[in-house]
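Reviewing the structure listed below.
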Amino acid sequence: EKGGYDYFMLKEIAEQPKAVADTLLGRIDAFGSLRLDELRISAAELREVDKIVVVACGTAFHAGMIAKYAIEHWTRIPCEVELASEFRYRDPILDPRTLVIAISQSGETMDTLMALRHAREQGSKVLAICNTNGSTIPRESDAVLYTHAGPEVAVASTKAFLTQLVACYLVALYLGQARGTKWGDEIHVVIRDLSQISREVERVLETMEPVRELARSLAAKNTVLFLGRHVGYPVALEGALKLKELAYMHAEGFAAGELKHGPIALIEEDLPVVVVVPSPRGRSVLHDKIVSNIQEIRARGARTIVIAEEGDEAVVPYADHLIRIPATPTLLQPLVATVPLQVFACELATARGNEVDQPRNLAKSVTVE
Ligand code: F6R
């Protein structure tokens, strides 16, 4: 059942190109436009939406954080993202023109379910992004966009996360398409890039041996930090979460711009710091900022592990370890940048003798509060 792999997690990491492709299948038409009639929310209703709120927990929350960048960029609709467990206990401002997006692999997470019930009571429409057919969250939502990752058995989420990202991009682009924003041309280009991204994920998987080697060499460390900016920030949080749950190490993700506001005090000789570098071709100011962040931490002794796209030469002098990923548009980069972090955490857990598929104290679906 593990298909020749030692762990379900390894199998599920390897299945990601297919999971991504399957989630796009049938949703892009011959003209390169999105077809999401399955949403059952009319174009007229979508044009009415004046606020989007994304709710989720854990890894799904990180997908939601990335969704915010995509939604606000392509639709110009204000978007908030909140942990379901926080959202449900405040008094959030919701009305019938608010679209709430609930992201959940299992479709059974109690906090996410309670958050969506609360939203519907206020008259908001709820769209579920879910991997499990017929589970509670999609059954109680107004609409659902299924991710087609297939069953995810390992407790740590991998392929479900990548497909959640794809689903979030699809929703953002579809809203942009339905509402006709000024990004119309860009939307077509991105849909094309998205339709080819599963091959890029596959290319990343083919080059993971040095990442595994690096992970093994760090097995005796106590702490690993992760830095990112823009969509690289949630990727850093996801890398840290994977390492906590699998390797039981102290791992923290930071927005690189916050370094000077505290976290840089943590940097000491030989502390491993993973940095997710945005494309130098996109918004180059983001890229330049992070290159100077890498210089700053390295000058204080950090061992820098840099994830940067092929052809980015500016990072080379400051990278103790360089992990290359294919060039992608900035907003789509999390689909390729997350994969090395999953492999890194899985290999470190193995090197430390941990149970990869069943980390201590964790359950696959959290149906208690
Ligand atoms: C981390 C992980 C968890 C889940 C979270 C939400 O690897 O798997 O953080 O992402 O418990 O679960 P779902 O998506 O089923 O609502």
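The values are calculated or read from the model by the stated rules, or taken from the named source; none is laboratory data. Because the structure is a prediction, the values reported are computed rather than measured. Cβ coordinates were reconstructed from backbone atoms using ideal geometry, including for glycine residues, and neighbour counts include every protein chain displayed.
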*Just name the residue that is surrounded by the most Cβ atoms within 10 Å (Cβ to Cβ) out of those in region 79-103 that are under 15 Å from the mean Cα position of the chain (by Cα) and either among the hydroxyl-bearing types (Ser, Thr, Tyr) or more than 18 Å from Pro138 (Cβ to Cβ) (or both).*
Val81
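Determine whether Ser106 is within 13 Å of the ligand (Cβ to nearest atom), buried (at least 24 other Cβ atoms within 10 Å of the Cβ), part of a loop (DSSP other than H, G, I, E, B) and at pLDDT 95 or above. Show your work before the answer.
Details: within 13 Å of the ligand (Cβ to nearest atom): yes; buried (at least 24 other Cβ atoms within 10 Å of the Cβ): no; part of a loop (DSSP other than H, G, I, E, B): yes; at pLDDT 95 or above: yes.
No; evaluated as a whole, the condition is false for this residue.
Condition check ((1) of a type outside the set (Ser, Thr, Tyr); (2) in contact (Cβ under 8 Å) with a residue 24 or more places away in the chain; (3) out of contact with any helix residue (DSSP H, G or I) (no Cβ under 9 Å at 6 or more places or on another chain)) across all residues:
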| position | (1), (2), (3) |
| --- | --- |
| Phe87 | yes, yes, no |
| Leu99 | yes, yes, no |
| Ile103 | yes, yes, no |
| Ala128 | yes, yes, no |
| Ser141 | no, yes, no |
| Leu170 | yes, yes, no |
| Arg192 | yes, yes, yes |
| Ser195 | no, yes, no |
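Which residues, counting only those in region 215-238, are in contact with a His (Cβ under 7 Å, 6 or more places away or on another chain) and surrounded by fewer than 17 Cβ atoms within 10 Å (Cβ to Cβ)? Spell out how you get there, then give the answer.
Looking only at region 215-238, we keep the residues that are in contact with a His (Cβ under 7 Å, 6 or more places away or on another chain), and these are 222-223, 234, 237-238.
Answer for region 215-238, where residues must be in contact with a His (Cβ under 7 Å, 6 or more places away or on another chain) and surrounded by fewer than 17 Cβ atoms within 10 Å (Cβ to Cβ): Asn222, Thr223.
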_Given the condition in a strand (DSSP E or B) and surrounded by 15 or more Cβ atoms within 10 Å (Cβ to Cβ), answer yes or no: does some residue in region 191-214 qualify?_
no
*How about region 119-147: which of its residues are more than 14 Å from the ligand (Cβ to nearest atom) and surrounded by fewer than 20 Cβ atoms within 10 Å (Cβ to Cβ)?*
Arg120, Glu121, Gln122, Gly123, Gly134, Arg139, Asp142, Ala143
*Is it the case that Lys18 is in a helix (DSSP H, G or I), at pLDDT 95 or above, within 16 Å of the ligand (Cβ to nearest atom) and under 30 Å from Glu347 (Cα atoms)?*
no
*Would you be able to tell me the number of residues in region 109-135 that are within 25 Å of the chain's Cα centre (by Cα), assigned to a loop (DSSP other than H, G, I, E, B) and of a type outside the set (Ser, Thr, Tyr)?*
3
_Within region 59-78, does at least one residue satisfy the condition of being aromatic (Phe, Trp, Tyr), under 21 Å from Tyr146 (Cβ atoms) and buried (at least 20 other Cβ atoms within 10 Å of the Cβ)?_
yes
*Exactly one of (1) within 16 Å of the ligand (Cβ to nearest atom); (2) part of a loop (DSSP other than H, G, I, E, B); (3) of a type in the set (Phe, Trp, Tyr) is unmet by Tyr89. Its number?*
(1)
